[in-house]
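For reference, the structure discussed in these notes is given below.
The values are calculated or read from the model by the stated rules, or taken from the named source; none is laboratory data. This one's a predicted model, so the numbers in the text were calculated from it and none came from an experiment. No Cβ is skipped: glycine too gets one built from the backbone with ideal geometry, and neighbour counts run over all protein chains shown.
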Amino acid sequence: MELKFATSNPHKVSEANQVGRKYGIEFVQLEQDYPEIRDEDVRMVARAGAAYVFNIIREPVIVEDTGLFIEGLGGFPGSYSAFVFNKIENQGILRLMQGAGDRKAEFISAIGYCDIDGVQIFDGAVRGSIGTEITGTAGFGYDSIFIPDGHEKTFGENPKLKAEVSHRMKAFDKFCKFIAECWD
C-alpha cells in the first residue's frame, strides 16, 4: 500500500520507507508546500501541516516534524531545528555549546496523519548528547553531532544505529503498526 508523505526532504522519505517495508507500506514523497506554524511543540507543527495538506489533496497524508532539544541551550533549537540548521549548521551549534557543561539533548519526531476522520499524532524520541566536534558523514542535519545515550558514535558515524534507535524510526514504527492494522 502507498501513502503520501508531504515533505521536501527525500532523506525523511528514505528513512520512513526503511520502517514501512516491514509493514508493506511505501511512503511516496509529495512536494506540497504547507505553512509551518510556529509552536514549541513539534506535535502541533505536524498536526497543523497534515490538516493543511489533507484539505488541499483530500487524500490520506502524513507530515513529519522533528526537533532537537538541547538542555544546555534551554531546549534550543527545538521545533525551529530545520530553520536553525539552515542558518548556522552544526558548526554554529557547536559554537553555541562551547563551554557548556550540560550537553544532554533529545530528538523528538512527530508524525501527523490526516484522513477524513481528522488528524492523529504518532511520536518518537531518543535521548543523547551533543558531541564536541562534527563526526561522520552519513545521514543529514544534526546526525554528525548527536550521540544517542549508551553509545559512543554519532548517528553520522553509525547509520545502522540510527535506523535502529532514532526518534523518526520509533515514530514511524508506531504509525506503521497503526496503519497496517487499520488497512487490514
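Miscellaneous remarks
- Arg38 being part of a helix (DSSP H, G or I) and either of a type in the set (Lys, Arg) or in contact with a Cys (Cβ under 8 Å, 6 or more places away or on another chain) (or both): no
- Taking the numbered list (1) surrounded by fewer than 18 Cβ atoms within 10 Å (Cβ to Cβ); (2) without any contact (Cβ under 8 Å) to a residue 60 or more places away in the chain; (3) assigned to a helix (DSSP H, G or I); (4) out of contact with any helix residue (DSSP H, G or I) (no Cβ under 8 Å at 6 or more places or on another chain) in turn, Ala51 passes all entries but (2).
- A residue that is among the aliphatic types (A, V, I, L, M), in contact with a Leu (Cβ under 7 Å, 6 or more places away or on another chain) and buried (at least 16 other Cβ atoms within 10 Å of the Cβ) occurs nowhere in the range 117-131.
- Filtered residues of the range 84-107 (kept if outside any helix (DSSP H, G or I) and aliphatic (A, V, I, L, M)): Ala100, Ala105
- Taking every residue in the range 5-18 that is closer than 16 Å to Lys162 by Cα and pairing it with any residue that is small (Gly, Ala, Ser) and assigned to a helix (DSSP H, G or I), at least 6 positions away or on another chain, the pairs with Cβ-Cβ distances below 6 Å are Gln18/Ala163.
- Extreme residue, nearest to the chain's Cα centre (by Cα), among residues of the range 1-22 that are under 13 Å from Phe140 (Cα atoms) and charged (D, E, K, R): Lys12
- Under the condition of being acidic (Asp, Glu) and either touching a Phe, Trp or Tyr at 6+ places or on another chain (Cβ under 6 Å) or within 20 Å of Lys170 (Cα to Cα) (or both), the residues counted in the range 13-61 number 3.
- Test: Asn55 is of a type in the set (S, T, N, Q), within 17 Å of Asp123 (Cα to Cα) and modelled with pLDDT of 95 or more: no
- Residue within the range 113-136 that is of a type in the set (Phe, Trp, Tyr), in a strand (DSSP E or B) and under 28 Å from Cys176 (Cα atoms) present: yes
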